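Everything below concerns the one structure shown next.
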Amino acid sequence: MNDDRVETDFELLDVCLHTEELGRVEVPLGDTEGREPLVLPEGSVVSLGLTFRLGREIDGLAFEDTREWGGSVLGSTRTVLGGFRPGGPYEVRLPPERLPVGRAHCGVYKATGRFTDADGRELAVEHHRLVVEHQQAPPSAPWTRHQPTQSAPVRGAHAVPPSAAA
């Protein structure tokens with residue numbers, strides 16, 4: 001049988017970030033060499049969306065997200081997505097996560113996403129860079145001198161609360 005299609009066990013079709021500030025942000029797949037990093041505002045709440053297709057049944061499909069900053073691994077999160085039949089596309093949205101806040105946490109982060117099956121075999125891996133960018137505070141109202149006001153006495157108010165024994 002001559003079939004021009006090549007079936008793969010796992011095909012990553014789309015990766016995107018969902019944020020309140022920017023909406024849906026598409027993450028380009030493939031080689032990241034020479035590509036500009038994604039820029040996100042500090043403190044953003046981000047949810048990762050993953051779309052994939054399967055060429056065979058996969059039990060225990062898991063996604064592992066590893067983040068690095070300044071040459072150090074900050075942490076990894078492993079999420080078991082479950083078992084899937086051949087076909088798709090399947091779309092999964094991971095729980096939201098808040099990006100760090102403060103100038104000390106701004107800068108370039110490296111993120112690696114890795115898909116594995118129940119036996120620990122790597123099915124796909126993606127590397128990306130993102131910049132957490134400091135947000136300037138909105139300009140405040142010009143400073144004005146506040147004049148203290150004297151409040152009028154309230155009728156029927158006691159200067160001293162009545163004694164509990166009374």
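Ranked highest first by the average count of other Cβ atoms within 10 Å around their residues, in what order do 29-37, 83-91 fall?
Working: 29-37: 10.1, 83-91: 13.0.
Result, highest mean first: 83-91, 29-37.
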Problem - Average accessible surface area per residue within region 1-83, 1.4 Å rolling probe, Å² - result: 59
Problem - Chain lengthening between Glu11 and Thr51 when straightened (0.36 nm per residue, less Cα-Cα) - result: 13.5 nm
Practice task
Please give the length that would be gained between His134 and Arg103 if that part of the chain were fully extended, namely 0.36 nm times their separation in residues minus their C-alpha to C-alpha distance (nm, one decimal).
Solution key: 10.6 nm
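Go ahead and run the numbers for FRET between Val80 and Val39, Cβ-Cβ distance against an R0 of 30 Å, rounding to 0.05. Before the final figure, lay out each step's value.
Details: r = 31 Å, r/R0 = 1.02.
Rounded to the nearest 0.05, the efficiency is 0.45.
What number comes out for the charge environment of Glu68, summing +1 per Lys or Arg and -1 per Asp or Glu over other residues with Cβ under 13 Å away? It would help to have the intermediate numbers written out before the result.
Working: positive: Arg67, Lys110, Arg129; negative: Asp65.
Here the charged neighbours net out to +2.
Which net charge results for the neighbourhood of Asp59, defined as the other residues with beta-carbon distances under 10 angstrom from its beta-carbon, given Lys and Arg at +1 and Asp and Glu at -1? Working shown, then result.
On the way: positive: none; negative: Glu57, Asp117, Asp119.
Residues near Asp59 contribute -3 overall.
The values are calculated or read from the model by the stated rules, or taken from the named source; none is laboratory data. Owing to the predicted nature of the structure, the values given are computational and were not obtained by experimental measurement. Counting neighbours? That spans all protein chains shown, and the Cβs are built from the backbone with ideal geometry, glycine included. To get the accessible areas, we keep the full protein, side chains included, count just its heavy atoms, and leave off ligands, DNA and RNA. Shrake-Rupley method; radii C 1.70, N 1.55, O 1.52, S 1.80 Å.
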